[in-house]
Each structure stands twice: as C-alpha cells, then as structure tokens.
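Right, one structure below, let's go through it.
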Amino acid sequence: MASWPQLSAKAAADGHRCDIDLDLKPRWDDGATTYLIRFDLSGFKKDEFKVLVDAGGRLTLRGQRPSGHVRVNKALQLPPTADFDKIAARFDGRMLCLTVPKLPVAEMALARMDEAKELAAWETEAEKERSEWDRGQVIAAAVAAFALGVVVTHKLLSAKHV
C-alpha cells in the first residue's frame, strides 16, 4: 500500500501546493521458480512510470503524475538468485506486478559461491585490520608496562636510599 503524506490544514487553507512523494511498500512473494513483486500504483497510468534494472540487480521504479504533483521513486536490490535479464511486468491500471525468474540451480550455486567468496574476502580483510589493531595494542601495552616498571623501580630504589 502507498503511504500518503498529509498537507497541514493551515497550508491547505492558504492554498499552498504540495508535491507528494509516495513511499511504496512492495509485496514480495517467493515462489519455487520466480519472485513476484507487487506495487500498488493506484491513480497512475502506464506511461507515467518506468521500471529500470541495472547490471547489479538494483531495481528502480520512478514515476510522476502530471496532475496533483504525486511522485514515486523506489529502489530495491533483487536477490543474487534472480535472473535480471528475463523480468516481465504487468500493469492492470492499479497494481504493477513484476515477475522475476530465478536462475537455474547451477547458476544459483555459482551466484552463491561468488557471494561467499566476496564475503570471505571481506572477512579476511576485516580480520587483517583487526590483527594489525591488536598488534598495535599489544605493543602499546608492552611499552606502558615497561614504563610503569621503570617508574616503580625508580621509586623503590629512591625509597631505599632515603
């Protein structure tokens, strides 16, 4: 469902015009072979909006109604198992339904492996940064302990000579 911002009573009484940005909530259905994504676009005509999908699987829905100054700009990331090249759309005058096929099992496995490799590389980099940080902390603690030892020894030796 669309979420409609309200114009204040004072602004409406003064005759101020307000551009309204819709915050659309997509409805996802995860089927065995496809994802179905539905948007409620009540009041829009087919030529007042467009759907774009980039190579990385980012889906963007943009549109504007000429009368009433109502706009929609919604972006969402499709799952890595989606086949971005075979998306189909259907609009019945109210509901936009996008059918996003899933990749075949072999391609899904490859997509998951690529995703796992990216995650492993990120974790390795994060672990490397943590180990460098930990090494720095160990060195700082050793220097502090040495300095404390020097101060304590100096105090003990000074106390014996007094």
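Read-outs: derived from the displayed coordinates by stated rules, not from any lab. As the structure is a prediction and not an experimental result, all values here were calculated from the model. Cβ coordinates were reconstructed from backbone atoms using ideal geometry, including for glycine residues, and neighbour counts include every protein chain displayed.
Cross-link check: pairs K46/K86; K46/K102; K102/K128; K25/K50 evaluated at a Cα-Cα cut-off of 28 Å; pairs beyond the cut-off: K102/K128. Near G93: Cβ cut-off under 10 Å, other residues only, Lys/Arg at +1 and Asp/Glu at -1. The net charge is +2. Relative to the compact-globule estimate of 2.2 N^0.38 Å, the Cα radius of gyration of the range 41-162 comes out at 2.23. Summing +1 for each Lys or Arg and -1 for each Asp or Glu among the other residues whose beta-carbon sits under 10 angstrom from that of R65 gives +1.
Seen from K46, the other residues with C-beta closer than 14 Å to its C-beta sum to a net charge of +3, counting Lys and Arg as +1 and Asp and Glu as -1.
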